[in-house]
Amino acid sequence: MNFSRTCILLATASYTTAQVYYPDWQGGTNVCLNDGLEPHWMTLNSYTEPTLDGCCVKYFKWNYNACMNDTIVGSGDWYVNYEDKKCVQDCASATSPPGCTYFGGLATPTETLYTDALSCCESKLAYIASGLCQANSMDMVYAGSELWRPDYENSRCVQDCEVSNTTCVLPGGIVEDSATSLYADAATCCSTGLSYLSSELCEANSDPTSTGTGKYFQDAENGMCKMDEDDATCPVGYTCERATSNSGTLYETEAKCCESMPWLSSDLCVALTSGVPSEQWFVADIQDEGCVQDCNAVEAAVPEPWCGTITNVATKTYASITECCSKQLSWIDSARCNATSLGGTIVGSAEWYVADYSTGKCVQDCDAVGTPVTCLQPGGLAESSTELFADAEACCESRLSYLNVGLCNATSNGATYTGSEEWIVDYENTRCVQDCDTTTATCVLPGGIIEDSSTKTYADAAACCAAKLSYLDTDLCESNSNPASNGTAKYFADIENGLCKLDQETATCPTGYTCSRATVGSGKLYDTETACCTASLPYIDSDLCVARTTGVTSEKWFLNDIADGGCVQDCNATAAAVPEPWCGTITDIGTKMYDTASACCSKQLSWIDSATCEEVSTTGAAAEYVPTEKWYYSIDNKCVQDCDTVGTPSAACVSPGGVADGNGETLFDTAALCCAKKFSFMDGDLCEARSVGNYTNLYYMDYTTEGDKCTKDCDPASADPACGGSPGDLSVKLFADATSCCSEKLGWADQAQCVAESNGVAYNGTESYYIDWSVTKCAKDCEGAAPCGGLADKWMTTYASAADCCAVLKWVDPNECLIA
């Protein structure tokens, strides 16, 4: 009798209510028992279960059916068998339960069960094609789904079916894995699975009956396009081949395909694609000096052109001979290139070129005069690479540019060249001359024929001078360039002689002037002698320079000899309107000049009395010198007077120092001025007192004497006890009174005592009181009997009265506070 698992579980649970199940590990049966003999430790550690099913599931899941005493017959549902890669039924045998055709044994409690094989396959074996998995699980033969999948190798889509499947259009074998995407038709498969391919190409490749798309793809190697077509159906002249994934884009026409290869001639590409000549022109060999045509000479409508074969697909082609010659053989004359290309006769262009550089001329591209008509100077047919020019002048300018163009042009045309008569520079003679020889009557200043083009020419002498001799005075250059000129009548410096010369021929030189033709070394030229002297000879007196330039005297004054005691005049004694002034001759052009004798004396002989100097200068001799009684410097650190004896020549002479006639001393009107200028280190009052033999009666600090006091500057022999004589240090500072001197020089001393002793008065204190701490009593600031305690020191505090002082000594009896 068979029992279901549920029935058995209910029965065992009812029968064993009082007992528990435990795993029989010690007995080795690998089942659960409920004989009541379970070890005590299992009970303590919860290794027991209340039901057989619970114990078997927990401890013997792998031996579940035996553990359950083989009482489970299965559900008949489906579970996975990973080892065989299929799903099987949950049953003990093919008949237990009944109808269990695809049994795989009893499922373990952990297995997931499914109602049918397809559901099990899709869930547990999802990596296997579901149809294949279902067929394998139910022992059926699988013919495929007939859906479409990509065939990457052949750039197409095929069907999921065997070749033996007669209903398949394009069998591609059985798809065994679920990872392969399948599509309902070839179009969907192509657009999704092979989207990088042209959809038309993919669909054509997926159709066994297709002969190709009839479109075009690039064959860059051969410079053409191929047609996607089977050979059997390929049009005549075309190259056909079935396109693949590597064929690239497909184009509707050969023209569009060829345009996609811009490095190729489109016309040539189309011609190669369709198998016919392009009729385009190209250069086959540069040495041929012409173009050839891509054509069939036999079949050509016009048999004259030279047909050729293109061997390089990258060859540049052109629609006409003219364009080919212009673009590919531009250095060859176009008519020559056209004629060569058409196999014609070459007669030359009659244009100009250089056949032989040593001749220094250009010739024409022709063989004989008159062939062609314009051929007058034949030089033979030019090489195709030779540059040609429209006329001889253009040829000379371009190819013989180092020659004078006019000379080259005349020689090329067989003419005689007489020069351009334009102006060129003559550096040697600092002028400009003309491009012509002496035989040219119209030339003003012939300089010979110019043969080279490096010599620059100018329209006139002025332009030539401005451009090539700009360092020269413009008038000088133009004058030198004019044979009729006798000079510019301008002035230039003669540094050596201290004057300016006139740029003039000596024959026309004004009286008194020095004339000479200026050269490049003459320097700048000036319109007037004054401008020349001022600018070029600034170290010479301008009036003197102008006078020397014009040949006259300046009438200005200068110092000739310091021993003369006066100035002399630059004049001509004989010609002078007033002959009395002493005229002299200047030997040093750098001599300083003055407008008047007075100014000369003031600047050059300032130590001499101005009146005396002027008298000597204007009469030639001075009157007997009369002492001025003015003051001058003495080495005795005082000022003395210009006189010999006190009272002579007048009472004003109080400090005679000797007559200063010509001794070079500076004289001052007063002793104060002399002291201020000559003895600025000394107090002015002291200097003046010394100068007149007197004292200042001012006070000074004499550090050589004892005591804190100042000394009075007065006669020590006088009755004044403060007098100490003049200071030994002449730079000492003097003060108006003793108070000022003590305050500034003896600020640390008792000021009252300092002032009294400085004035020669004995100091006897201030009559104030101070504390004598040695006896702790108050004493009076004075010398003598008590309460005098002697003079107080400066640091001591003094008090106006005895009461004030005793008030400080509060602890002393007021009656005993004063010194007695």
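The values are calculated or read from the model by the stated rules, or taken from the named source; none is laboratory data. Please read these numbers as outputs of a predicted model, since none were measured by experiment. Here the Cβ positions follow ideal geometry from the backbone for every residue, glycine too, while neighbour counts run over all protein chains shown. Note: accessible area is taken over every heavy atom of the protein model, side chains too, but ligands, DNA and RNA are not part of it. Shrake-Rupley method; radii C 1.70, N 1.55, O 1.52, S 1.80 Å.
Some notes on this structure:
- Inclusion of S481 among residues that are open to solvent by less than 40 Å² (accessible area, probe 1.4 Å), small (G, A, S), touching a residue at least 12 places away in the same chain (Cβ under 8 Å) and farther than 30 Å from C375 by Cα is warranted.
- Residue among T596, T587, T549 that is polar (S, T, N, Q) and modelled with pLDDT under 90: T587
- Within the range 379-413, the set of residues being charged (D, E, K, R), assigned to a helix (DSSP H, G or I) and free of Cβ contacts under 8 Å to residues at least 40 places away in the same chain comprises E393, E397.
- Of all residues in the range 716-740 being under 17 Å from E688 (Cβ atoms) and touching a Phe, Trp or Tyr at 6+ places or on another chain (Cβ under 6 Å), the one that is most open to solvent (accessible area, probe 1.4 Å): S731
- Hey, A689 surrounded by 17 or more Cβ atoms within 10 Å (Cβ to Cβ), more than 60 Å from the chain's Cα centre (by Cα) and of a type outside the set (K, R) or not: yes
- Remark: pairs (first residue in the range 790-805, touching a residue at least 12 places away in the same chain (Cβ under 8 Å); second residue aromatic (F, W, Y) and assigned to a loop (DSSP other than H, G, I, E, B); Cβ separation under 8 Å; 6+ apart in sequence or on different chains) = L791/Y763; K794/W748.
- Under the condition of being at pLDDT below 90, touching a Leu at 6+ places or on another chain (Cβ under 8 Å) and not in a helix (DSSP H, G or I), the residues counted in the range 224-249 number 1.
- Positions within the range 307-350 being among the acidic types (D, E) and surrounded by fewer than 21 Cβ atoms within 10 Å (Cβ to Cβ), in sequence order: E323
- Annotation note: of N69, N65, N81, the sole residue that is exposed (fewer than 14 other Cβ atoms within 10 Å of the Cβ), of a type outside the set (A, V, I, L, M, F, W, C) and within 30 Å of S137 (Cα to Cα) is N69.
- The single residue among A762, A736, A722, A752 that is touching a strand residue (DSSP E or B) at 6+ places or on another chain (Cβ under 8 Å) and within 27 Å of G784 (Cβ to Cβ) turns out to be A722.
- Pair list, Cβ under 7 Å, 6 or more apart: the range 513-535 residue farther than 18 Å from S479 by Cα, other residue in a loop (DSSP other than H, G, I, E, B): Y513/G551; C533/I540
- Of all residues in the range 34-50 being open to solvent by 50 Å² or more (accessible area, probe 1.4 Å) and within 27 Å of L106 (Cβ to Cβ), the one that is farthest from the chain's Cα centre (by Cα): D35
- Given (1) open to solvent by 60 Å² or more (accessible area, probe 1.4 Å); (2) aromatic (F, W, Y); (3) at pLDDT 85 or above, index of the condition Y127 fails: (3)
- Of residues in the range 609-623 being outside any helix (DSSP H, G or I) and more than 14 Å from A660 (Cα to Cα), the one modelled with the highest pLDDT: G620
- Any hit, the range 135-154, residues being open to solvent by less than 50 Å² (accessible area, probe 1.4 Å), of a type in the set (S, T, Y), touching a strand residue (DSSP E or B) at 6+ places or on another chain (Cβ under 8 Å) and part of a strand (DSSP E or B): no
- Test: residue in the range 374-387 that is open to solvent by 20 Å² or more (accessible area, probe 1.4 Å) and touching a Phe, Trp or Tyr at 6+ places or on another chain (Cβ under 6 Å): yes
- Restricting the range 629-669 to residues that are within 30 Å of D564 (Cβ to Cβ) and β-branched (V, I, T), the residue that is least open to solvent (accessible area, probe 1.4 Å): V640
- Per the listing K468, K501, the residue uniquely under 52 Å from the mean Cα position of the chain (by Cα) and open to solvent by 40 Å² or more (accessible area, probe 1.4 Å) is K468.
- Residue-level analysis places D708 outside the set of residues that are open to solvent by less than 60 Å² (accessible area, probe 1.4 Å), within 30 Å of D685 (Cα to Cα) and modelled with pLDDT under 90.
- The sole residue among S420, S470, S454 that is in contact with a helix residue (DSSP H, G or I) (Cβ under 8 Å, 6 or more places away or on another chain) and part of a loop (DSSP other than H, G, I, E, B) is S420.
- Candidate set from the range 504-529 (those that are β-branched (V, I, T) and over 52 Å from the mean Cα position of the chain (by Cα)); member that is nearest to T549 (Cα to Cα): T514
- The set of residues from the range 271-300 being open to solvent by less than 40 Å² (accessible area, probe 1.4 Å) and of a type in the set (A, V, I, L, M, F, W, C) comprises A271, W281, F282, V283, C291, V292, C295, A300.
- Number of the exception - V775 against (1) outside any helix (DSSP H, G or I); (2) at pLDDT 90 or above; (3) under 30 Å from I635 (Cβ atoms); (4) open to solvent by 60 Å² or more (accessible area, probe 1.4 Å): (3)
Here's the yes/no breakdown for (1) on the phi < 0 side of the Ramachandran plot; (2) part of a loop (DSSP other than H, G, I, E, B); (3) at pLDDT 80 or above:
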residue: E279; (1), (2), (3): no, yes, yes
residue: E299; (1), (2), (3): yes, yes, no
residue: V302; (1), (2), (3): yes, yes, no
residue: I310; (1), (2), (3): yes, yes, yes
residue: C324; (1), (2), (3): yes, no, yes
residue: W331; (1), (2), (3): yes, yes, yes
residue: V347; (1), (2), (3): yes, yes, no
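- Tally of residues being outside any helix (DSSP H, G or I) and free of Cβ contacts under 8 Å to residues at least 40 places away in the same chain across the range 427-449: 15
- Some residue of the range 230-245 being without any contact (Cβ under 8 Å) to a residue 40 or more places away in the chain and buried (at least 22 other Cβ atoms within 10 Å of the Cβ): no
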